[in-house]
Amino acid sequence: MPLKLYYAPGTCSLVPHIALELIGQPFEAQLVKMHKGEHRSPEFLAVNPAGQVPVLQDGDETITQIIAITLYLDALHPQAGLFPQELLARTHAIETLAWLNNTVHTTFNRVFKPEGAVDGEEMQAAVRAKGKQGYAALMERLQDKVVAARAAGNDYLNGASIGVVDAYALTVIRWSQLGGMVPEQQWPQLWDYAERVAAQPAAQRAMERERIRLRAQPLV
Ligand SMILES: N[C@@H](CCC(=O)N[C@@H](CS)C(=O)NCC(=O)O)C(=O)O
């Protein structure tokens, strides 16, 4: 039975989506229409009671959380290069992945859905403004990591070819536009990197299936 990924276009499920494309074996991609509230439907809540994507199913097993899903995929397909092979490089890739997941991603939530943090329009506007500031600082740090990787002779955060950490970096750089932050002029090296990642065949296939592009219209 092929692996099955529940995804919603342009969300963080793009990360395991690109990972599955890097593996290159057939998988089932199940669209969850979040804009129609399908992630809150009884059918989807039976799959993931948290009402979130991504979800990976391997037969009867259900796995959630990007870090767990991608490490599982890596263990199943160690030759796919989802993470660096060498121990310290691998550890630092997982370190960056955890930072993207627990810091960058959660800061974006404050920009995109401040109503999840506080009540009242005024407070929400303040949370969003603070979130945008924080996100800009995080994009600066992400660019530093990209520049450091290049200085060490690596085109990507994963090394010579893209891996899970690059898929997540691409996702959050794309979000910076959705959040109306448009850091392109301010961070040319970051956008040059995002373009190079997005141009990779596995990223292209996943983005085509999701019908998304790197540059998106701001939503907030
Ligand atoms: N920590 C989770 C984050 C998952 C997450 O935030 N998913 C978002 C899309 S990017 C979602 O499904 N949001 C819908 C909701 O929370 O209602 C992971 O690593 O998988």
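Couple of notes before you dig in:
- Filtered by the rule that a residue be of a type in the set (Lys, Arg) and touching a residue at least 24 places away in the same chain (Cβ under 8 Å), the stretch 81-139 gives ARG110, ARG128, LYS132.
- Options GLY24, GLY10: the member that is among the small types (Gly, Ala, Ser), closer than 25 Å to VAL197 by Cβ and buried (at least 18 other Cβ atoms within 10 Å of the Cβ): GLY10
- Matching residues, the stretch 84-101, being hydrophobic (A, V, I, L, M, F, W, C) and open to solvent by less than 20 Å² (accessible area, probe 1.4 Å): ALA93, LEU97, LEU100
- Some residue of the stretch 155-165 being in contact (Cβ under 8 Å) with a residue 24 or more places away in the chain, assigned to a helix (DSSP H, G or I) and not hydroxyl-bearing (Ser, Thr, Tyr): yes
- Meets criteria (in contact with a Gly (Cβ under 6 Å, 6 or more places away or on another chain) and on the phi < 0 side of the Ramachandran plot) for PHE83: yes
- No other residue among VAL118, VAL127, VAL104 is in contact with a Phe, Trp or Tyr (Cβ under 8 Å, 6 or more places away or on another chain) and either aromatic (Phe, Trp, Tyr) or open to solvent by less than 50 Å² (accessible area, probe 1.4 Å) (or both) apart from VAL104.
- Only listed residue being touching a Lys or Arg at 6+ places or on another chain (Cβ under 9 Å) and in a helix (DSSP H, G or I), chosen from ALA148, ALA169, ALA129: ALA169
- Complete set of residues in the stretch 47-62 that are within 27 Å of GLN25 (Cα to Cα) and loosely packed, with under 10 Cβ neighbours inside 10 Å: GLY59, ASP60, GLU61
- Residue satisfying condition, being touching a Leu at 6+ places or on another chain (Cβ under 7 Å) and modelled with pLDDT of 95 or more, within set LEU82, LEU88, LEU71, LEU45: LEU82
- Hey, GLN85 touching an Asp or Glu at 6+ places or on another chain (Cβ under 8 Å) and farther than 15 Å from ALA19 by Cα or not: no
- Those residues of the stretch 145-171 which are closer than 17 Å to TRP99 by Cα and buried (at least 24 other Cβ atoms within 10 Å of the Cβ), in sequence order: VAL146, LEU157, ASN158, GLY163, VAL164, VAL165, ASP166, ALA167, TYR168, ALA169, LEU170, THR171
The values are calculated or read from the model by the stated rules, or taken from the named source; none is laboratory data. Remember, predicted model here, so these are calculated numbers, not experimental data. Reconstructed Cβ throughout: ideal geometry from the backbone, glycine too, with neighbour counts over all protein chains shown. These area figures cover heavy atoms from the full protein model, side chains too; ligands, DNA and RNA do not enter into them. Shrake-Rupley method; radii C 1.70, N 1.55, O 1.52, S 1.80 Å.
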